[in-house]
Amino acid sequence: MSHHLVEVKNLRHVYPDGTEALRDVSFRITHGESVAIIGANGAGKSTLLLHLNGYLATSQGSIRIGDFPLNPATLLEIRRTVGMVFQDPDDQLFMPTVFDDVAFGPLNLGLAGDEVEERVQEALARVGAGHLRDKPPYRLSGGGKKRVAIATVLAMSPDILVMDEPTSGLDPFARRQLMALLKDFQHTRIFTSHDLDMVLELCERTIVLHEGEVRADGPTLDIFRDEALLAACRLEKPFAMQGCPVCGG
Ligand SMILES: Nc1ncnc2c1ncn2[C@@H]1O[C@H](COP(=O)(O)OP(=O)(O)O)[C@@H](O)[C@H]1O
Ligand SMILES: [Mg+2]
């Protein structure tokens, strides 16, 4: 299914202050892949994700989502295809109630009352946040906000789910729930994370960014076994791959 393809070619991004956040990034992700983008702070992960549905415009290079090159004429269609969960849920939630926030996308798609209600219910149920529907988002805990932010994106039925640090700020139980949800999502998933154990569990493929460049792109296990690569990119092995601190095994 070509409409789930994500192709980034020679992407460069320079912020107005002159910071070159992405130097020359290329990769291709096909339908149904679950891909992690990892790297130290400042490696360019968020800058890269923000390009995938046009929140940031490319300085150089090109992006293709499915059958469409990303440009001003295709932006709306691409935002329908690519669901983006920002790192900070406060950037995503802005309506007076959780219901209004989750309904916002479906209403914009032109859906009618019953369908909107159905989508909101289903999306909130999937993130275990049905009980929050009448609350103002700003009153929720960090984990509650995160779940609702994810629901706003699921309610749009995206073909490609993009998340920036999805487990940051979640307690262990909420993290587990979110991982189960991500496992369940059938289409393409792309996310950045410092939670390397989550990456190991959920992503068969990992792209390592370092100083705005792709340093490695391959099977997640191979990446985490490459100690020289991890050290050079200021990364560590997931806990699950480190020796037991008690028995040394
Ligand atoms: N709005 C901005 N203006 C200028 N520089 C920025 C801006 N946002 C990020 N940067 C810089 O771009 C680089 C990449 O940042 P970012 O994409 O946030 O990395 P990561 O998500 O991997 O931590 C860093 O050097 C960061 O300081
Ligand atoms: Mg970031």
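Yes/no per residue for (1) touching a Leu at 6+ places or on another chain (Cβ under 9 Å); (2) surrounded by fewer than 19 Cβ atoms within 10 Å (Cβ to Cβ):
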position	(1), (2)
LEU93	yes, no
VAL116	yes, no
ALA125	no, yes
GLY128	yes, yes
ASP134	no, yes
PRO137	yes, no
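Looking at (1) open to solvent by less than 70 Å² (accessible area, probe 1.4 Å); (2) within 16 Å of ligand 2 (Cβ to nearest atom); (3) among the hydroxyl-bearing types (Ser, Thr, Tyr), can you tell me which one SER26 breaks? Here SER26 clears every test but (2).
Taken over segment 166-194, the residue count meeting the criterion of being open to solvent by 10 Å² or more (accessible area, probe 1.4 Å) and β-branched (Val, Ile, Thr) is 1. Condition check: within 16 Å of ligand 1 (Cβ to nearest atom) and either aliphatic (A, V, I, L, M) or open to solvent by 30 Å² or more (accessible area, probe 1.4 Å) (or both). Does MET163 satisfy that? Here the answer is yes, as MET163 does meet what is asked. In segment 33-46, the residues that are under 9 Å from LEU235 (Cβ atoms) form Cβ pairs under 6 Å with partners that are surrounded by fewer than 22 Cβ atoms within 10 Å (Cβ to Cβ) and basic (Lys, Arg), at six or more places apart or across chains, as follows: ALA40/ARG234. Considering THR167, THR220, the condition of being without any contact (Cβ under 8 Å) to a residue 40 or more places away in the chain and touching an Asp or Glu at 6+ places or on another chain (Cβ under 8 Å) is satisfied by THR167 alone. The lone criterion from (1) away from ligand 2 (no atom under 16 Å from the Cβ); (2) touching a residue at least 40 places away in the same chain (Cβ under 8 Å); (3) closer than 27 Å to GLY105 by Cβ left unmet by GLY61 is number (3).
Here is a yes/no grid of residues against (1) within 16 Å of ligand 2 (Cβ to nearest atom); (2) of a type in the set (Gly, Ala, Ser):
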position	(1), (2)
LEU50	yes, no
ALA57	no, yes
ARG80	no, no
MET84	yes, no
GLN87	yes, no
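Within segment 203-213, not a single residue is under 24 Å from ASP101 (Cα atoms), open to solvent by less than 10 Å² (accessible area, probe 1.4 Å) and within 19 Å of the chain's Cα centre (by Cα).
Kindly indicate which of GLY66, GLY83 is open to solvent by less than 20 Å² (accessible area, probe 1.4 Å) and within 30 Å of ARG133 (Cα to Cα). Working first, answer last.
Details: GLY66 fails: within 30 Å of ARG133 (Cα to Cα).
After applying the criteria, what remains is GLY83.
The values are calculated or read from the model by the stated rules, or taken from the named source; none is laboratory data. In this text the structure is predicted, and so the values were computed from the model without any measurement. Neighbour counts are summed over all protein chains in view; Cβ atoms, including those assigned to glycine, are modelled from backbone coordinates with ideal geometry. Note: areas computed on protein heavy atoms with side chains; ligands, DNA, RNA excluded. Shrake-Rupley method; radii C 1.70, N 1.55, O 1.52, S 1.80 Å.
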